[in-house]
Amino acid sequence: MTGASSGLGEGIARTYAAQGRDLALVARRLDRLEALRDELSAAPGAGRIEVARLDVTDFDSVGPVIADLAERLGGLDRAVINAGAGKGAPLGTGKWRANVETVQTNLTGALAQVEAVLEIFRAQDRGHLVLMSSVAGQRGMPKAQAAYAASKAGLTALGEGLQAEFAGSPIAVTILKPGFIETDINKGVRSAMMISLDQGVAELVKAIEREPGEAVVPAWPWAPVSALLRYAPLEITRRMV
Ligand SMILES: NC(=O)c1ccc[n+]([C@@H]2O[C@H](COP(=O)([O-])OP(=O)(O)OC[C@H]3O[C@@H](n4cnc5c(N)ncnc54)[C@H](OP(=O)(O)O)[C@@H]3O)[C@@H](O)[C@H]2O)c1
């Protein structure tokens, strides 16, 4: 699980830890991961929990860190590529760093993680790759959301390509497309369509366990919204941020 130090990644890690699963958790904030590991490991029936610091934009370190964790756990059944950033600013306003950082984290960083995970899955000839994309990847978004939406569209396309490549094989690829779930990434966002972290995590875990090709989470109202977004006129999408 990448991006396990807060929000959805932490929540999914907590759920799987309570089921006694062995886990490898990474993020940049190692102190939070260590505190989480200590807490979860102390529960009765806990599995093995390994943590490591990883900045997914430090591309050269992604492969070695993931390979080391897989070795420590004796293999890798599933990888949830979840680390993500939601920074952004209207393009051409001088705040390009925020946009570049978002794309480097959500797309290039995810690509580096997928490379590392698939090396392991190919050697094992099995595994479940889960990509945390977004409903925002369904359609280009204006202003501060432009780079984020593009990064998630890229991640979805990457997942679709892998689904075509591994169809019928023991390697499964799931693309998750959450709507609005209450986490740090949504600080300050107000929406009637926002659901709580607990509900979001529960629905995401349910979706992951089904191992679908893709899942919009929660399905209502986001599945129809997500489908409509593909065809919505610019008059609608230009008001979306
Ligand atoms: N919440 C939503 O409504 C929503 C909707 C659609 C998609 N998503 C996606 O869900 C994922 C998780 O986000 P969240 O909502 O749980 O927000 P969050 O609480 O801000 O979590 C983001 C996680 O990503 C990690 N991360 C960020 N940059 C990183 C980097 N360079 N290297 C390694 N880890 C990095 C953070 O850990 P550190 O800071 O410790 O590194 C943190 O654990 C993201 O991919 C996000 O795009 C969320």
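Each value in this text was obtained by applying a stated rule to the coordinates, not by laboratory testing. Computed from a predicted model, the values in this text were never measured in an experiment. Note that we place each Cβ from the backbone using ideal geometry, even for glycine, and neighbour counts take in every protein chain shown.
Computed quantities for the displayed model
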{"item": "Count of segment 100-142 residues which are more than 16 Å from the ligand (Cβ to nearest atom) and part of a helix (DSSP H, G or I)", "result": "7"}
{"item": "Among (1) in contact with a His (Cβ under 8 Å, 6 or more places away or on another chain); (2) more than 15 Å from the ligand (Cβ to nearest atom); (3) within 24 Å of ASP198 (Cβ to Cβ) - the single one ASP77 does not satisfy", "result": "(3)"}
{"item": "Selection count, segment 63-121, where residues are in contact with a Leu (Cβ under 9 Å, 6 or more places away or on another chain) and of a type in the set (Val, Ile, Thr)", "result": "7"}
{"item": "Selection within segment 58-74 - within 11 Å of the ligand (Cβ to nearest atom) and either touching a Pro at 6+ places or on another chain (Cβ under 7 Å) or among the hydrophobic types (A, V, I, L, M, F, W, C) (or both)", "result": "PHE59, VAL62, VAL65"}
{"item": "Condition met for ALA157 (free of Cβ contacts under 8 Å to residues at least 60 places away in the same chain and more than 30 Å from GLY74 (Cβ to Cβ))", "result": "yes"}
{"item": "2 or more residues farther than 25 Å from ILE181 by Cα and acidic (Asp, Glu): qualifying helices (runs of 4 or more DSSP H) within segment 1-83", "result": "59-73"}
{"item": "Enumeration of residues in segment 175-199 that are surrounded by fewer than 13 Cβ atoms within 10 Å (Cβ to Cβ) and either within 6 Å of the ligand (Cβ to nearest atom) or on the phi > 0 side of the Ramachandran plot (or both)", "result": "ASP184, GLY188"}
{"item": "Criterion violated by ALA83 - all others in (1) more than 14 Å from the ligand (Cβ to nearest atom); (2) within 30 Å of LYS143 (Cα to Cα) satisfied", "result": "(1)"}
{"item": "Where a residue in segment 36-57 is within 16 Å of LEU73 (Cβ to Cβ) and more than 16 Å from the ligand (Cβ to nearest atom) and its partner, wherever it lies, is assigned to a loop (DSSP other than H, G, I, E, B) and of a type in the set (Gly, Ala, Ser), with Cβ under 7 Å and at least six apart", "result": "ALA46/GLY20; GLY47/GLY20"}
